[in-house]
Amino acid sequence: MDSKDRELVNAARETGISVLPGFLSVDELEVLRSEFTRAYEDAGCGELEPAKRVALRGISLCQYPAIKRLFVHPRILKIVSAITGGPSPWLWQIKTNRYTPGHPGVGKHSDGFAGEVSPPHTRQAMAVFLDDIWEESGALTYVPGSHKLHYEVSGNPGYESPSTEDINVDGYVPAELKAGSVLFRVPEVWHAVNPIHHLRRYVTASYSIRGRVSGLMEQKIAETMKERRESEEPVPEDVREYWDY
Ligand SMILES: O=C(O)CCC(=O)C(=O)O
């Protein structure tokens, strides 16, 4: 891993967020945008109603090659593996999100499981942005280092994870980026989204390690894998090893 990617790994582990700029070329971004639009049209959500967040999820997104490639992109997987310290990430959730102008943004929260602490860095999210985000429109804001408060504390089995009130504090800082960048987010970091005045689109995946995770995550893995085994939806060959637990 080169020193730039190593810095991203260290920043994500330390602050909860890091940004890889210029991940996609101009041409790649154009192809991704056009596939993204097609995916929404195919799903019957092509129309851009103001102030709406519309997500598409699941393996059917893999029928769009430029979208699929991001979920299993070697560089992204390598960075995710290095952040989590697990060799082969499991793809838990794959999704796209599209917000239209006028959306109020997202309130302060953590994607840590309420009332539960977890071993450190068992989950990791990435989002490839199709549009710029900046403080005045759509920046993701976060409290650097807050993810660590959701982790087990050795020698303190009674340690409790932060409450909703704890998370609702000042001190959130914006992460700004240009279209074609990747944002790595430790799910537990306290985060929010500033009000949105432009089209804000991204492709995202949430990964888990295959080692020891929290009790709730263990249940989610079991439920997800049961659904996947029962599903008849095709899974592309190059996604299969990350899709199966
Ligand atoms: O849209 C985003 O950048 C993040 C949304 C969010 O906070 C979430 O889905 O948990």
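List the residue pairs whose Cβ atoms are under 7 Å apart, where the first residue sits in segment 176-196 and is aromatic (Phe, Trp, Tyr), the second is surrounded by 24 or more Cβ atoms within 10 Å (Cβ to Cβ) and in a loop (DSSP other than H, G, I, E, B), and the two are 6 or more positions apart or on different chains.
190/110
Residues being of a type in the set (Lys, Arg) and farther than 25 Å from residue 118 by Cα: count how many of those fall in segment 220-245. Working first, answer last.
Quick first cut of segment 220-245, residues of a type in the set (Lys, Arg) only: 220, 226, 228-229, 240.
Those left that are additionally farther than 25 Å from residue 118 by Cα: 229, 240.
Looking only at that region, the number is 2.
Mind listing whichever residues of segment 27-44 are in contact (Cβ under 8 Å) with a residue 60 or more places away in the chain and within 22 Å of residue 74 (Cβ to Cβ)?
Initially, segment 27-44 is screened for residues in contact (Cβ under 8 Å) with a residue 60 or more places away in the chain, giving 28-29, 32-33, 36.
28, 29, 32, 36 - these are the residues of segment 27-44 that are in contact (Cβ under 8 Å) with a residue 60 or more places away in the chain and within 22 Å of residue 74 (Cβ to Cβ).
Mind counting the residues in segment 83-132 that are acidic (Asp, Glu) and more than 25 Å from residue 149 (Cα to Cα)?
2
Can you tell me which residue within segment 198-226, out of those that are more than 12 Å from residue 245 (Cα to Cα) and among the charged types (D, E, K, R), is surrounded by the most Cβ atoms within 10 Å (Cβ to Cβ)?
To start, the set of residues in segment 198-226 that are more than 12 Å from residue 245 (Cα to Cα) comprises 198-206, 212-217, 219.
Those left that are additionally among the charged types (D, E, K, R): 200-201, 212.
Values: 200: 23, 201: 21, 212: 10.
Out of the qualifying residues, it is 200.
Quick check on my filter: what residues within segment 126-154 are in contact (Cβ under 8 Å) with a residue 24 or more places away in the chain and part of a loop (DSSP other than H, G, I, E, B)?
Answer for segment 126-154, where residues must be in contact (Cβ under 8 Å) with a residue 24 or more places away in the chain and part of a loop (DSSP other than H, G, I, E, B): 130, 131, 132, 135, 136, 139, 143, 144, 145, 152, 153.
Output the qualifying pairs, or none if there are none: Cβ atoms under 7 angstrom, residues six or more apart or on different chains, first residue in segment 84-95 and among the aliphatic types (A, V, I, L, M), second residue surrounded by fewer than 20 Cβ atoms within 10 Å (Cβ to Cβ) and assigned to a strand (DSSP E or B).
94/57
Is it the case that residue 168 is closer than 22 Å to residue 140 by Cα and crowded, with 18+ Cβ neighbours inside 10 Å?
On the way: closer than 22 Å to residue 140 by Cα: yes; crowded, with 18+ Cβ neighbours inside 10 Å: no.
No, not satisfied.
Let's see how each residue does on (1) away from the ligand (no atom under 11 Å from the Cβ); (2) among the hydroxyl-bearing types (Ser, Thr, Tyr); (3) closer than 26 Å to residue 100 by Cα; (4) in contact with a Ser or Thr (Cβ under 7 Å, 6 or more places away or on another chain):
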position: 127; (1), (2), (3), (4): no, no, yes, yes
position: 136; (1), (2), (3), (4): yes, no, yes, no
position: 169; (1), (2), (3), (4): yes, no, no, no
position: 179; (1), (2), (3), (4): yes, no, yes, no
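From the list 174, 157, 187, which one is surrounded by 15 or more Cβ atoms within 10 Å (Cβ to Cβ) and part of a loop (DSSP other than H, G, I, E, B)?
Details: 174 fails: part of a loop (DSSP other than H, G, I, E, B); 157 fails: surrounded by 15 or more Cβ atoms within 10 Å (Cβ to Cβ).
Answer to the check: 187.
When both residues are 6+ apart or on different chains and their Cβ atoms are under 6 Å apart, which pairs have a first residue that lies in segment 51-68 and is under 18 Å from residue 127 (Cβ atoms) and part of a strand (DSSP E or B), and a second that is of a type in the set (Ser, Thr, Tyr) and within 16 Å of the ligand (Cβ to nearest atom)?
Close Cβ pairs (under 6 Å, with a partner that is of a type in the set (Ser, Thr, Tyr) and within 16 Å of the ligand (Cβ to nearest atom)) amount to 53/99; 56/96.
Determine the pairs where a residue that is within 18 Å of residue 181 (Cβ to Cβ), located within segment 1-16, has a partner that is in a loop (DSSP other than H, G, I, E, B) with Cβ atoms under 7 Å apart, the partner being 6 or more residues away or on another chain.
Pairs found: 12/186; 15/144; 15/145; 16/144; 16/145; 16/186; 16/189.
Just so you know, all these numbers are worked out from the coordinates, no wet-lab data involved. Keep in mind it's a predicted model, so treat the numbers as computed, not measured. FYI the Cβ positions are ideal-geometry reconstructions off the backbone, even for glycines, and counts take in every protein chain you see.
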